[in-house]
Structures are given as C-alpha cells and as structure tokens.
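Trainee: Right, I'll just put the structure down here and ask away after.
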Protein chains: 2
Amino acid sequence: MPLDPAAETVVTGFRNTPEFAHGIVRDIRIRWALEEIGRPYRTELYDAMKPRADEYLQWQPFGQVPAFADGKVRLFESGAILLYLGEQDERLLPAAGQRRWDTTAWLIAALNSVEPMLMQIVTLDIFYVGKPWAADARPSAVALAEQRLARLADALGDKDWLAGRFTIADIAMVTVLRNLRHTEIVAGFPAVAAYQARGEARPAFSQALADQIAGLKQGEPA
Amino acid sequence: MPLDPAAETVVTGFRNTPEFAHGIVRDIRIRWALEEIGRPYRTELYDAMKPRADEYLQWQPFGQVPAFADGKVRLFESGAILLYLGEQDERLLPAAGQRRWDTTAWLIAALNSVEPMLMQIVTLDIFYVGKPWAADARPSAVALAEQRLARLADALGDKDWLAGRFTIADIAMVTVLRNLRHTEIVAGFPAVAAYQARGEARPAFSQALADQIAGLKQGEPA
C-alpha cells in the first residue's frame, strides 16, 4: 500500500474539487505509477477552490497539481514526474533503445497531440456550459478529437499497450482518455475504448483512484 | 552548417504550407536543437496539403511533422525528439540532478500547460476564422492564455532562461510563444516578450528558421 504518511516521496493533490473532476485530477497519474512499482508516498492536499500560496508557486509555477518531491529532486508537470519515476524503474520505462523512445514519444503524444483536443471538449462542456457560443463551437472540437482518436485506434491495432508492454505512456494516455467519460466519443473507437478499459482494470489504477477520491472527499462539508 | 544531404540523422518537415505556418511548423524545434550542437542532419519534406502515406503513419502515427531517425532509433513528437537529443548532449539538457529535472519539467510545461492555451487562439483566429462563434469564443481563450503567460512571467523573473541556462526547455517554450506572433498578447508580458526575443536572437535559431523557410518555399508554384 504505497500511501504512507511517513514516506519521503510527496505528491500534491486537491482535497476538494467539483465532482466532475473526481478521478481525473492529474495526480492520479503519479499515484498510479507509484502503485505499479509499490513505492510509498504521502500526499499534500490543497483546497482546489482557493488560490495557491506563493510558496507553492515556487514548486509548481502554474499553481496546478501534481507537484513531486523525494528529497533528491523537486519537480512539476505530471509528464515530467512520470519520466523521472520511469528512469528509476524499468517496469515503468524501458531503460534503453527503441522501446524507451517509443514510450517517450507516446507519453508526449498523449500530452501534446491528444490531451489538448480532448480537453477542448471538456472546456466547452463543463467550463463554458451556458455560454451562447459553446454549443456552436462543439462540433469542430469533436471533429478534431475524433481525428486524433482514429489515429490512435490505428496505431493500437491489436496491441494491448502503446509501446509493446505497459509503460508510463499508457498511464498518460489512459488518463487523458478518461477526460471524455462524460461523453460517448471514445466508445465510437472500440479499440481505444477497450484499451482504456484495460488500463482502468489494473489493480494499481483502482488503488490510485480510490486514494484520490478519498482525499478529495476530505474537503467535503460535514 | 548542420543541414547536410549526406547526414544519417533525418528530420521530417513540410515543403509547402500556408504562409501563416512559415517559421512555426514544429520541425523548427529539432532544427534549432541540432544547430545548437552542430549535429548534421538532412530533411525529408512532405506536401502539407496532401494526406501522408500509410508508411509515414508507421513512423508518425498522427501524420504530423517532425519525425526523426538516426540509424539507432526512430521517433516522433518534437518534445520526445528534444529529450532524445538532450540525453546525448549536455548543452541541451543537463545530465543529472535538479537542473535536469527542472529542464524536463519546463519542457513538458511548454507542451502541456502553455501550448494548448495558445494554440486555441491560433485555432480560433486562423482555422475557424469566419465561423460565427469564433469571435465570441475568443475572449475566454485569451483570458486563459494570459493566465498562463502571467505565471510564466513570474517564473522567469529576471532569469534569462527557464532552467538557469539555455536548454531544450527554452527551445520548446520560445517556439510555443511564437504561435501568437499574429497578436499583441505576448507583448502584454514584457518579461516573456524579452525572453522570446532572447531565444530568437540565437544564431542557431536564425539558421534553423532560414532553413525551414527555404524548405517550405520549395513547394511554391513556380
């Protein structure tokens, strides 16, 4: 059970958010990776509804979560933290050669070629809901997201994982796909939906999800 | 002069694009990094207006540029290629310790916490120009981009570069900022504008830019 209040490794998260964010706040990526390798960690949970203190901005310049520290380095950005953890454990990232760079390429693709297109739909549906233009903007956003999901489906083919075996690239991509769970868009690409389900079926993911949601509920009014 | 038709290292790019894309197509990032370290490369240039062949999709699953190969690995995603080049040359990426992870965190921040917000403005201004909702959607997109640029300005403070000295994080962030060159938005953040100008003043950037534009013009009608 990697969650351990005495651990030296720290991951930041939120202790309350609107319910739509439960299970998709990005500290889930780091919790999942740490569960996969059994590395103990503790959390520092912030109130998502209040501005972060200046001290936190020294650690995470955009005020987001997660940030990470382990007594050796302090860093931010879930993608960078996954790379850091991957370099320390081959179960997360092959140590060298083509497999290592396939993993790195797919990790970056999840964050830069897929997530922005999917988050645009989340932005329209959740943050801009009720704005008169949001509904008109949605079909173009969906078309762009579907283009990327079609390419992802082709690239997956009949593979279980993006880089041959489970890696941090899959942690990134599966958690990116989860952002569309309020829609039926991913279901339109059966190979992608099956891939997402395969990731979510891993015990390490289930534990990470349960721990994130328990943390988020700490901030709920009694 | 790293551009060398006999080089083993290959970078893919476009040989024609609409003019707004000149100087911002993402192969500029890889050209710039290779110029910084004097590593020879050749290009494979594709027609941006035609669909990519299935063979190319095996290399770059989203049909984008750049893709990269050097006889040892094949990979895609400009962020991943920058990390690969960085691991081979400390001038691009410190070899270990906090500086290495500061660089990695800022590289990912450029691609995942800044670029999507800036590209949303490009999407509205260029791709969706004329759609009746695009003008209405713009103020929200600008507000979000400005939030990120304000944080970036704070993080830069009076530093010349994001991770203490010039690194691949700066190649990523400066080229991300260049996407807003059709606007005055970055000028509203003088520390960020000065940082962008500092990056663009490097001889390696100038050479990369000149070579990209020469390549893009190959496809122009005679």
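Trainee: Scan segment A:67-84 residue by residue and report those that are crowded, with 23+ Cβ neighbours inside 10 Å and touching a residue at least 40 places away in the same chain (Cβ under 8 Å).
Mentor: A:Ala67, A:Phe68, A:Ser78, A:Gly79, A:Ile81, A:Leu82, A:Leu83
Trainee: Quick check, is B:Ser78 over 22 Å from A:Phe68 (Cα atoms) and facing chain A (nearest Cβ under 9 Å)?
Mentor: Values: over 22 Å from A:Phe68 (Cα atoms): yes; facing chain A (nearest Cβ under 9 Å): yes.
For B:Ser78, the condition - over 22 Å from A:Phe68 (Cα atoms) and facing chain A (nearest Cβ under 9 Å) - is met.
Trainee: Next question. Which residue is nearest to the other protein chains (Cβ to nearest Cβ), if the candidates are limited to segment A:81-99 and must be hydrophobic (A, V, I, L, M, F, W, C) and in a loop (DSSP other than H, G, I, E, B)?
Mentor: So, considering only residues that are hydrophobic (A, V, I, L, M, F, W, C) and in a loop (DSSP other than H, G, I, E, B), the one nearest to the other protein chains (Cβ to nearest Cβ) is A:Ala96.
Trainee: Quick check on my filter: what residues within segment A:100-116 are hydrophobic (A, V, I, L, M, F, W, C) and either facing chain B (nearest Cβ under 9 Å) or outside any helix (DSSP H, G or I) (or both)?
Mentor: Within segment A:100-116, A:Trp101, A:Ala105, A:Trp106, A:Leu107, A:Ile108, A:Ala109, A:Leu111, A:Val114 meet the criteria.
Trainee: Continuing with the same structure: Out of segment A:151-196, which residues are within 25 Å of A:Ile126 (Cα to Cα), touching a residue at least 60 places away in the same chain (Cβ under 8 Å) and assigned to a loop (DSSP other than H, G, I, E, B)?
Mentor: Within segment A:151-196, A:Arg181, A:His182, A:Thr183, A:Ile185 meet the criteria.
Trainee: Turning to a different aspect of this structure: Kindly indicate whether any position in segment A:189-212 is surrounded by 15 or more Cβ atoms within 10 Å (Cβ to Cβ), over 16 Å from the mean Cα position of the chain (by Cα) and of a type in the set (S, T, N, Q).
Mentor: no
Trainee: Which members of segment A:41-75 meet the condition of being in a loop (DSSP other than H, G, I, E, B), within 19 Å of the chain's Cα centre (by Cα) and more than 14 Å from chain B (Cβ to nearest Cβ)?
Mentor: A:Ala48
Trainee: Turning to a different aspect of this structure: Has segment B:48-61 got at least one residue that is in contact (Cβ under 8 Å) with a residue 12 or more places away in the chain and within 28 Å of B:Val192 (Cβ to Cβ)?
Mentor: Scanning segment B:48-61 turns up no residue that is in contact (Cβ under 8 Å) with a residue 12 or more places away in the chain and within 28 Å of B:Val192 (Cβ to Cβ).
Trainee: For B:Thr43, indicate whether it is in contact (Cβ under 8 Å) with a residue 40 or more places away in the chain, on the phi < 0 side of the Ramachandran plot, outside the structural domain of B:Val174 (by TED's automatic domain parsing) and in contact with a strand residue (DSSP E or B) (Cβ under 7 Å, 6 or more places away or on another chain).
Mentor: yes
Trainee: So how many residues does segment B:104-156 have that are closer than 22 Å to A:Gly79 by Cα and of a type in the set (Ser, Thr, Tyr)?
Mentor: Summing the residues that are closer than 22 Å to A:Gly79 by Cα and of a type in the set (Ser, Thr, Tyr) in segment B:104-156 gives 2.
Trainee: Would segment A:34-49 turn up any residue that is buried (at least 24 other Cβ atoms within 10 Å of the Cβ) and aromatic (Phe, Trp, Tyr)?
Mentor: no
Trainee: Turning to a different aspect of this structure: Can you tell me which residues in segment A:35-54 are of a type in the set (D, E, K, R) and at pLDDT 95 or above?
Mentor: Here is the first cut: in segment A:35-54, the residues of a type in the set (D, E, K, R) are A:35-36, A:39, A:42, A:44, A:47, A:50, A:52, A:54.
Those that are of a type in the set (D, E, K, R) and at pLDDT 95 or above: A:Glu35, A:Glu36, A:Arg39, A:Arg42, A:Glu44.
Trainee: Please go through segment A:197-222 and pick out each residue that is at pLDDT below 95 and either assigned to a loop (DSSP other than H, G, I, E, B) or small (Gly, Ala, Ser) (or both).
Mentor: Hits for segment A:197-222 are A:Ala214, A:Gly215, A:Gln218, A:Gly219, A:Glu220, A:Pro221, A:Ala222.
Trainee: Continuing with the same structure: Filter segment A:7-33 down to residues that are in contact with a strand residue (DSSP E or B) (Cβ under 7 Å, 6 or more places away or on another chain) and over 13 Å from A:Val65 (Cα atoms) and give me whichever is surrounded by the most Cβ atoms within 10 Å (Cβ to Cβ). Spell out the reasoning first.
Mentor: Pass one, segment A:7-33, residues in contact with a strand residue (DSSP E or B) (Cβ under 7 Å, 6 or more places away or on another chain): A:7, A:9-16, A:25, A:27, A:30-31.
Cutting the leftovers down to over 13 Å from A:Val65 (Cα atoms) gives us A:7, A:9.
On the way: A:Ala7: 16, A:Thr9: 19.
Taking the candidates together, the pick is A:Thr9.
The values are calculated or read from the model by the stated rules, or taken from the named source; none is laboratory data. Please read all numbers here as calculations on a predicted model, not as lab measurements. All Cβ positions, even for glycine, are placed from backbone atoms using ideal geometry, and neighbour counts span all protein chains on display.
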